[in-house]
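Notes to accompany the following structure.
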Amino acid sequence: MPLPFSRRQLGLSLLATGAMGRAALAQGQAYPSRPIRLIVPFSPGGGVDATGRIVAEHLGAALGQTVVVENRAGAGGAIGVDAMAKSPPDGYTIAIVSPGNMTVGPVVRPTPYDALALGFVTRVVLSPLLLVCRKGLAAQDLAGFIDLLKRQPDAIRFASGGVGTGTHLAGELLNLRLGVRMTHVPYRGTAPALTDLIAGNVDIFFSDTSAWPMVQQDQLRLLAISSMARWAQAPQVPPVGSLVADFDIANWYGIVAPPGTPAPILTRLHAEIAKLLALPAVIEPLARLGFEPDPLPPAEFAAFVRAETATWTTVVRAADIKAD
């Protein structure tokens, strides 16, 4: 049987592959030689934006180049991520992302980019979702809430920041794991959901850490956190997974690059970000936002995103969630 390539063609192919590898390596070693653009796919002022700006400031100092933050909001973060994904894969355009535009949103509604095909740099931070309830709910702790939920599942109204958001899927995951069906009440964002929870119009909410001051002010009760790892801000609060099997989720932010970005560049960025995340000047402002540094190397970050995507795909199908 004739070979599909001649020996000369095969030799030229191997030479080309080797040259591409050497070019990528050289690019990684020389990188960066000009400013880097960090796209924040949300409006200024939120947690993603604040974290991105902290990383940009210290990453720029470490690399000896300015890291320019560009806010490109819209479509739940999809517009900014798509702009990054369509940029040249040279490491000079990167983005900070969240579950909403990487592992939650893409399984609920189509996105113009393939999240799993992006260049993975590193996970940056983790924080749990806070399972908070209205003060008048007849449950003083996680065990009491689960008992109440099993006895009266239809009577429990759980709020979310909108259909298909992470706060929605967290409630649906609890439904799935316990075999119950709480009533979902969607809002247009976290702030109105928390307002109605304080007013007693809904019963529980898997909030981001913006609910923490309301817990401290005794406006809400914190029943549990969503991740198995204890939260430094309230280490005495139990994880949901201590009483509910296979429940371990968190809010997180990470850095990604366009598909095809050379591995040496991804590795260099990860290494520099991991080092800056160990600095007190970075740890302290992140802690004030409720986040803890938790970098992952590119391959581990990619595996983490794939696993998260698989989990949320299962939840979306089980709950028959449809995009608005």
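The values are calculated or read from the model by the stated rules, or taken from the named source; none is laboratory data. Note that the structure is predicted; figures quoted are calculated from it, not measured. Positions of Cβ are generated from backbone atoms using ideal geometry, with glycine treated the same way; all protein chains shown enter the neighbour counts. These accessible areas exclude ligands, DNA and RNA; they are computed on the full protein's heavy atoms, side chains included. Shrake-Rupley method; radii C 1.70, N 1.55, O 1.52, S 1.80 Å.
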> Within region 77-125, which residues are within 23 Å of Lys322 (Cα to Cα), open to solvent by 30 Å² or more (accessible area, probe 1.4 Å) and not charged (D, E, K, R)?
Replying inline: Ile79, Gly100, Pro106, Val107, Pro110, Thr111, Pro112, Leu116
> Among the residues of region 150-163 satisfying the criterion of being modelled with pLDDT of 95 or more and open to solvent by less than 30 Å² (accessible area, probe 1.4 Å), which is farthest from Leu197 (Cα to Cα)?
Replying inline: Ile156
> So which of Ala159, Ala139 is more than 24 Å from Leu296 (Cα to Cα) and part of a loop (DSSP other than H, G, I, E, B)?
Replying inline: Ala139
> Could you list, in sequence order, the residues of region 28-62 that are assigned to a helix (DSSP H, G or I), touching an Asp or Glu at 6+ places or on another chain (Cβ under 8 Å) and crowded, with 19+ Cβ neighbours inside 10 Å?
Replying inline: Gly47, Leu59
>> Checking the structure you have, find out if any residue of region 210-217 is farther than 22 Å from Asp248 by Cβ and open to solvent by less than 40 Å² (accessible area, probe 1.4 Å).
In response: no
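Table: residues versus (1) in contact with a Ser or Thr (Cβ under 6 Å, 6 or more places away or on another chain); (2) assigned to a helix (DSSP H, G or I); (3) open to solvent by 10 Å² or more (accessible area, probe 1.4 Å).
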residue	(1), (2), (3)
Gly144	no, yes, yes
Asn175	no, yes, no
Arg188	no, no, yes
Asp196	no, yes, yes
> Condition test on Glu272, is it in contact (Cβ under 8 Å) with a residue 12 or more places away in the chain and either closer than 14 Å to Val108 by Cβ or open to solvent by less than 40 Å² (accessible area, probe 1.4 Å) (or both)?
Replying inline: yes
> Which of the following residues is modelled with pLDDT of 95 or more, within 20 Å of Ala303 (Cβ to Cβ) and among the small types (Gly, Ala, Ser): Gly166, Gly119, Gly91?
Replying inline: Gly119
> Can you tell which of Ala199, Ala193 is in contact with a helix residue (DSSP H, G or I) (Cβ under 9 Å, 6 or more places away or on another chain) and over 24 Å from Glu292 (Cα atoms)?
Replying inline: Ala193
